[in-house]
Amino acid sequence: MFKMPPQKDPDKFFMSISNGENKQFDYLRALYEGCIAGGVAGVAVEAALYPIDTIKTRLQVARAGLKIDFKGLYSGLAVNLAGSLPASAIFIGVYEPAKQKLLEIFPENLNALAHIAAGAIGGAASSLVRVPTEVVKQRIQTGQFKSTSSAVRLIIASEGFKGLFAGYGSFLLRDLPFDALELCIYEQLRIGYKVAAKRDLNDPENAMIGAFAAAITGAVTTPLDVIKTRLMVQGTQKHYNGICDCVRTIVKEEGANALFKGIGPRVLWIGIGGSIFFGVLEKTKKVLAQRNPQTDAEK
């Protein structure tokens, strides 16, 4: 954890975009700009890296001895983009003001806890959109359905509306730690880099730090991702009865190494994705800040 030098104004370093010193933070603006920046960044990542995500999903679902199909790597892209836009918008839109509020509450030497808590809050808020999107996307990726409309219709018909939230618990188990850890590492690295360089980061530096934070977090949370994927795609077959049974069954039938299936594509996808996401995020926020200079003057 990095500790800010006492002579520096922490607002200068805590903000992804500097708002100047000793000015009241505008939470509504943070929500508005966070939604826009998050939505743009989320769509950019999904559109660029979707085939790697499809390969990762198929690797995780494949049981022992089964071959991976490399056809139709863009299957489910439309539903994923439709869900990624609002999910990413909600995620960053909630994260930014939550982060600033928590930074006011926590002492300076515990700022990492503010980043962790804000990341978890943002992830929980966006999960209401991300989970149905993930369920439909992964069912299409694994060849269970051919289109988004048929997937939604048949899932509801066979499993009820709750089928769209299959694996919700495992999703939270994976994504809340992921969101909290990734954003904490990212924010702490940015703070440390700013202290060392004594300046704001440029676009390539934001992208580099984002890639590192995402790749580390992606590797650590791979077992949680495997569990989440298995529970989401099982449908009515019910190979697993909850998270604990899923872990026991995988380890018993396939060995503990199976919990790290797809770690290569996952780290590659999330690492590159982190670079794109945080690079686009910070750039979009800067553009929005430059378009609204009068708001800063009013603070």
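Where in the range 191-297 are there helices (runs of 4 or more DSSP H), lying fully within it, with 2 or more residues that are closer than 27 Å to residue 38 by Cα?
Values: elements: 203-220, 222-233, 243-254, 263-291.
So the answer is 203-220, 222-233, 263-291.
Scanning the range 99-156 for residues being in contact with a Pro (Cβ under 7 Å, 6 or more places away or on another chain) and of a type in the set (Asp, Glu) gives a total of 1. The sole residue among 84, 127, 149 that is more than 30 Å from residue 188 (Cβ to Cβ), part of a helix (DSSP H, G or I) and without any contact (Cβ under 8 Å) to a residue 60 or more places away in the chain is 149. The residues listed here are 175, 179; of these, the one that is touching a helix residue (DSSP H, G or I) at 6+ places or on another chain (Cβ under 9 Å), at pLDDT 90 or above, assigned to a helix (DSSP H, G or I) and not polar (S, T, N, Q) is 179.
Just to check your reading of the model, which residue among 46, 104, 96 is at pLDDT below 90 and either in a helix (DSSP H, G or I) or within 20 Å of residue 175 (Cβ to Cβ) (or both)? I'd like the intermediate steps shown before the answer.
Details: 104 fails: at pLDDT below 90; 96 fails: at pLDDT below 90.
Of 46, 104, 96, the one residue that is at pLDDT below 90 and either in a helix (DSSP H, G or I) or within 20 Å of residue 175 (Cβ to Cβ) (or both) is 46.
Of the candidates 90, 36, the single residue that is more than 19 Å from residue 172 (Cβ to Cβ), open to solvent by 40 Å² or more (accessible area, probe 1.4 Å) and modelled with pLDDT of 85 or more is 36.
Restricting attention to the range 115-126, does a residue exist that is of a type in the set (Gly, Ala, Ser), crowded, with 22+ Cβ neighbours inside 10 Å and modelled with pLDDT under 80? Lay out the reasoning, then the answer.
In the first step, residues of the range 115-126 are kept if they are of a type in the set (Gly, Ala, Ser); the result is 117-120, 122-126.
Now narrow it down to the ones that are crowded, with 22+ Cβ neighbours inside 10 Å: 118-120, 122-123, 126.
Pick out the ones that are also modelled with pLDDT under 80 and you get none.
Within the range 115-126, not a single residue is of a type in the set (Gly, Ala, Ser), crowded, with 22+ Cβ neighbours inside 10 Å and modelled with pLDDT under 80.
Right, residue 158: open to solvent by 70 Å² or more (accessible area, probe 1.4 Å), in contact (Cβ under 8 Å) with a residue 60 or more places away in the chain, among the polar types (S, T, N, Q) and assigned to a helix (DSSP H, G or I) or not? Answer is yes for this residue. Of the residues making up the range 169-212, those that are β-branched (Val, Ile, Thr) and under 24 Å from residue 287 (Cβ atoms) are 191, 209.
Residue-by-condition table, conditions (1) out of contact with any helix residue (DSSP H, G or I) (no Cβ under 7 Å at 6 or more places or on another chain); (2) open to solvent by 10 Å² or more (accessible area, probe 1.4 Å); (3) acidic (Asp, Glu); (4) without any contact (Cβ under 8 Å) to a residue 12 or more places away in the chain:
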{"residue": "206", "(1), (2), (3), (4)": "no, no, no, no"}
{"residue": "211", "(1), (2), (3), (4)": "no, yes, no, no"}
{"residue": "216", "(1), (2), (3), (4)": "no, yes, no, no"}
{"residue": "221", "(1), (2), (3), (4)": "no, no, no, no"}
{"residue": "226", "(1), (2), (3), (4)": "no, no, no, no"}
{"residue": "232", "(1), (2), (3), (4)": "no, no, no, no"}
{"residue": "237", "(1), (2), (3), (4)": "yes, yes, no, yes"}
{"residue": "243", "(1), (2), (3), (4)": "no, yes, no, no"}
{"residue": "246", "(1), (2), (3), (4)": "no, no, no, no"}
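Scanning the range 248-296 for residues that are under 19 Å from residue 43 (Cα atoms), among the basic types (Lys, Arg) and open to solvent by 40 Å² or more (accessible area, probe 1.4 Å) yields 283, 286.
The values are calculated or read from the model by the stated rules, or taken from the named source; none is laboratory data. Here the structure is a predicted model, which is why all the values come from computation and not from measurement. Glycine also receives a Cβ, built like all others from the backbone with ideal geometry; neighbour counts cover every protein chain displayed. To get the accessible areas, we keep the full protein, side chains included, count just its heavy atoms, and leave off ligands, DNA and RNA. Shrake-Rupley method; radii C 1.70, N 1.55, O 1.52, S 1.80 Å.
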